[in-house]
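The values are calculated or read from the model by the stated rules, or taken from the named source; none is laboratory data. Model, not experiment: these values are computed from the prediction. Here the Cβ positions follow ideal geometry from the backbone for every residue, glycine too, while neighbour counts run over all protein chains shown. SASA here: full protein model, heavy atoms, side chains in, ligands and nucleic acids out. Shrake-Rupley method; radii C 1.70, N 1.55, O 1.52, S 1.80 Å.
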Amino acid sequence: MDSRMISPLAIVLTKIFSRGFYRANASTLLFFFVVVASYAIFMTPAGTMSHDTFALYELIVMMTFINNPVAMTVIFIAWLLYTVKSWQYVTGQLTAAENGFLYYSSTALSKFRQLRSWWWMQFVIALPITAYGLLSVVFGIVYHHYLLPFITLTYLFLLITVSAGLYVWLANRLSAGTPAAISLRLSIRWKKPFFSLYLYHILHKIKLGAVLTKIFSLFCLASGAYSLFSGNRHDSRVSGLLVLTAITGHLYLIYQEHRFEVMTLAFSRTFPYSRNRHFGYMTLRYLLLLLPEIVFLAATAPPLMAILLLAYALSALLCFRGLLYWVGLNMNVYLPIVFAIYIGLFWLIMYGYLWQSAAVMLPLAYGLFYTRYYKLAPVE
């Protein structure tokens with residue numbers, strides 16, 4: 001777009017809020033980008049799928065979005081949460097003392113010009129979701145699916161417009177001397193057992209990443225994309241692949257847990273708790289973290305199968321977590337190792353070694369934890 005079509009106010013708002021939002025959330029956005037990019041890079045060259053099959057898989061995922069209302073609803077919820085996160089950041093920054101000049105200078109313009117400038121600022125913030133939405137529209141037009149792509153464009157436009165209207169309303173209230181901040185913090189206070197501290201950390205610091213992780217996980221379980229490559233939807237291999245992919249989607253939360261333990265709870269290693277007790281706490285914590293998946297499996301799978309799949313998911317989580325005691329906070333090393341393990345587990349499941357691989361991962365996780373718990377590398 002020609003810079004002459006963008007108002008000076010829009011340029012200022014973009015520099016202050018849009019760039020600031022990306023800086024503040026760079027680690028989360030970069031992590032999800034690395035996960036997607038690494039999947040595309042590692043899966044194809046490793047030989048797990050031919051290029052034609054991999055392209056077909058990507059096409060199936062995109063077509064599921066543009067012609068499946070359920071999948072579209074799940075992604076729309078994720079976009080809404082992303083937008084709410086941007087509201088929280090922008091309104092917080094707008095009420096900061098150093099940005100006070102904005103709601104005195106910007107409100108001198110007409111409401112329409114204010115709305116237009118804030119709209120552009122929110123559009124820049126929404127570029128990650130807008131790009132995916134526009135790509136789905138292109139696929140929809142090419143394959144003659146017009147309704148859902150049209151709904152997608154309308155939904156994106158409404159998200160950005162409502163956001164811009166919210167900022168205009170807030171700026172004018174602040175200009176009039178009436179504070180109106182948006183807060184998403186939980187005000188309820190209750191006792192917090194030691195094993196649950198990371199769960200509270202999720203609610204306090206990384207809500208967006210946790211919600212996106214859970215949406216991705218439940219989408220993997222619900223979409224059944226892998227079942228398209230199998231003639232039998234009840235084959236345990238299909239369920240195993242779905243669970244493995246959903247659990248791999250938890251890498252962000254696993255990494256953040258280790259970071260929280262190393263950087264915030266380092267003193268906990270001096271507590272009079274045995275390593276077995278700590279490992280038990282970790283297992284209990286992951287059971288609570290997997291509650292949405294447990295409910296889904298209980299509702300859609302036979303009881304015995306649901307229990308076995310849960311045991312596999314728990315062992316995979318603990319194994320991925322145990323690797324961090326060996327690798328440390330080195331994402332450049334951790335991600336390739338995890339994806340190599342993912343590929344190996346993929347083929348073990350394909351050859352029918354689902355439960356055997358779970359029986360190997362659990363003692364491996366315990367061994368890594370037990371031998372490395374008191375040997376964590378110091379934080380630089």
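Sort Lys85, Lys111 by accessible area with a 1.4 Å probe, largest first.
Working: Lys85 50, Lys111 125 Å².
Sorted by accessible area, descending: Lys111, Lys85.
Note down the net charge around Ser106, summing +1 for each Lys or Arg and -1 for each Asp or Glu among other residues with Cβ under 13 Å from its Cβ.
+4
Could you tell me what percent of the accessible area of segment 230-325 is made up of carbon and sulfur, with a 1.4 Å probe and every protein chain present? Display every interim value, and only then the final one.
Details: 2570 of 3920 Å².
Answer for segment 230-325: carbon and sulfur cover 66 percent of the accessible area.
If you take every residue apart from Tyr366 with its C-beta less than 12 Å away from the C-beta of Tyr366, what net charge results, scoring Lys and Arg +1 and Asp and Glu -1? All intermediate terms of the calculation are to be shown ahead of the outcome.
Details: positive: Arg275, Arg321, Arg372; negative: none.
Summing Lys and Arg as +1 and Asp and Glu as -1 gives +3.
Distance cut-off 26 Å, Cα to Cα: go down the list Lys85/Lys375; Lys15/Lys214; Lys15/Lys205; Lys192/Lys214 and report the pairs above it.
Distance filter (> 26 Å) returns Lys85/Lys375; Lys15/Lys214.
I'd like the distance separating the alpha-carbon centroids of segment 79-128 and segment 318-353, in whole Å.
41 Å
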